[in-house]
Amino acid sequence: MDVDSAETWRWIWLLVVVGFALAEVFTPVLFFMLSFAIGAAAAAVAAFVGGGAVIQWVLFVGVSAVSLGALVPLGRRLEHRDEVHPVGANRWEGRTATVVSEIPTGKHETGLVRIDRETWRAETTNGMGVAAGATVLVNRVTGTRLIVSPWRIDVAPRGSSPGRSEPGSPSAPG
């Protein structure tokens, strides 16, 4: 095989086109390998019309760069098209809410929480009460109720005794 032969470069570029095209089949949506296949196809065309090796390489690099610039952003947009964005009540899962009306201690006892501009009935995951004004984390939505858990524990400044923000927790003797 003579690498200085124009005939050899024609076949090399055609094999490179096929190789990159097959690699694109096994890569996810980004069109990364397809960009190089397009560049190799441009170099193959140059080889078939009698362009020199330098012209073939310049075309390969240039056309591949332009293809990358055009196709990779398109591939990224297409890749994110199938993402499921939370809709309806499920959009609250994983968000924090503020307790508006105390959630009493006890299983299935409810209070009110505000999340964004909406007020929801809420109960805690463990039946523990939560005081009004406390922040809670929405774990899931069941029917028309949010199932929440306490989000943070208040820490008192030095010199005073710490307390929890939820009612029912043991208070420090003072």
Among (1) surrounded by 12 or more Cβ atoms within 10 Å (Cβ to Cβ); (2) outside the structural domain of residue 33 (by TED's automatic domain parsing), the one test that residue 118 misses: (1)
Residues (in a helix (DSSP H, G or I) and in contact with a Lys or Arg (Cβ under 9 Å, 6 or more places away or on another chain)) located in region 7-47: 44, 47
For the condition surrounded by 15 or more Cβ atoms within 10 Å (Cβ to Cβ) and touching an Asp or Glu at 6+ places or on another chain (Cβ under 7 Å), what is the one hit in 14, 34, 59, 68? 34
Does any residue in region 129-150 that is closer than 13 Å to residue 88 by Cβ come within less than 7 Å, Cβ to Cβ, of a residue that is of a type in the set (Lys, Arg) six or more places away or on a different chain, and which pairs are these? 144/121
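The values are calculated or read from the model by the stated rules, or taken from the named source; none is laboratory data. Computed from a predicted structure; not experimentally measured. A quick note on method: Cβ atoms are made from the backbone with ideal geometry, for glycine too, and the neighbour counts reach across all protein chains shown.
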